[in-house]
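J.: Before anything else, here's the structure in question.
The values are calculated or read from the model by the stated rules, or taken from the named source; none is laboratory data. What you see is a predicted model; the values in this text were computed from it and never measured. Every residue, glycine as well, gets a Cβ built from its backbone with ideal geometry; the counts of neighbours run over all protein chains shown. All accessible areas refer to the heavy atoms of the entire protein, side chains included, with ligands and DNA or RNA removed. Shrake-Rupley method; radii C 1.70, N 1.55, O 1.52, S 1.80 Å.
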Amino acid sequence: MILIKIDSLSTQELRNIAQQEGVEDWDTMSRTDLIAVLKDIYEEDDDVRESNNVNRKFLFGITDYREIDKDVVGLPGVTELPESYPNTEIHLLYKNPSWAYCYWSVSPQDIQKLQDQMVEGLELKISVEKEGVVESFSIPVLLEDREWNVGLPTIGGGVCYCSLVVTIGGEELELAHSNTLNLIESYWLEHPEEMLDNDNLFKIYLSLLTTKDGELAQSPLVNEIIKNMETEEKKRWKK
């Protein structure tokens, strides 16, 4: 599905959409007329939406290509994403001090090699280096997986990185190695009063702690923040 806000489109983009809608004189119409015509199309009633014309778009200010068997063509800047990428890579990003987000791609060639050797899954290996000591743990993932939320075992004073690992014939093989993240301290752990005074801050913080399935992940850091907020609240009640 492609969602486009009509008023933000260029005149040429509007003409391309009008052409696909079958609008007459689409190539000579002004921008204002194009917007007016397309908005009229989107505001048509439900009977039109349920017609046999599967190219019919609807909703004010939005084009919605649904159930189209062919690619949408001719729209500047609209390109189809590839089914796979040519390189095997892995990347690590921060969500907050205790959680990171990891995403990766495995090249078709590597996928084929793994399948030929009857490998069904990989391991996402997380390593944390702090004060010269490296600790690692692994998370089993499937060949079709492409992302994972990673709970960091510690905050501040070290670095973290991850890798894609496969074990073949009892031997561990690293397919890709990520960038390194410097472990950061949690500002909110030391400033519980700010979250206590603003509920939205805490809600935003929690929104960064959802798993790839949309569930709230367990976090020792959040538990500690809540504990500090409760302590701060008790102090205020005593005053």
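J.: Mind listing the long-range amide H neighbours of TYR94? Cut-off is under 5 Å, sequence gap 5 or more, other chains count too, H placed in the peptide plane at 1.01 Å from N.
T.: Those lying under 5 Å, H to H, from TYR94 are TYR101.
J.: While we're here: Using the alpha-carbon centroid of each, what span in Å lies between the range 83-125 and the range 154-210?
T.: Centre-to-centre distance over Cα atoms comes out at 18 Å.
J.: How much length would be gained if the chain were fully extended between LEU93 and THR28, taking 0.36 nm per residue of separation minus their Cα-Cα distance, in nm to one decimal? Write out the running numbers ahead of the final one.
T.: Details: separation 65, 0.36 × 65 = 23.40 nm, distance 4.76 nm.
Contour length minus Cα-Cα distance gives 18.6 nm.
J.: Order THR11, THR180, most accessible first, counting only protein heavy atoms with a 1.4 angstrom probe.
T.: Numbers: THR11 45, THR180 80 Å².
Highest to lowest solvent-accessible surface, that is THR180, THR11.
J.: May I ask you to compute the full-extension gain from ASP145 to LYS234, defined as 0.36 nm times their residue separation minus their alpha-carbon distance, rounded to one decimal in nm? Numbers along the way, then the final one.
T.: Numbers: separation 89, 0.36 × 89 = 32.04 nm, distance 4.52 nm.
Taking 0.36 nm per residue and subtracting the Cα distance, the gain is 27.5 nm.
J.: When the solvent-accessible surface of protein heavy atoms is calculated with a 1.4 angstrom probe, in what order do VAL134, VAL141 fall, highest first?
T.: VAL134, VAL141
J.: If you don't mind, another one. Order these peptides, 153-166, 112-125, by their mean beta-carbon neighbour count within 10 angstrom, highest first.
T.: Values: 153-166: 17.9, 112-125: 14.2.
The densest-packed peptide leads the list: 153-166, 112-125.
J.: What do you get for Rg/Rh of the range 143-188 when both radii come from the Cα atoms and Rh is the Kirkwood radius? Numbers along the way, then the final one.
T.: Details: Rg = 14.0 Å, Rh = 13.0 Å.
Rounded to two decimals, Rg over Rh is 1.08.
J.: Over 15 Å apart: what share of the alpha carbon pairs of the range 108-179 falls there, rounded to a whole percent?
T.: On the way: 1457 of 2556 pairs.
That fraction is 57 percent.
J.: Calculated FRET efficiency, LEU201 and ALA36, Cβ-Cβ r, R0 41 Å, to nearest 0.05?
T.: Details: r = 44 Å, r/R0 = 1.06.
Once the sixth-power term is evaluated, E becomes 0.40.
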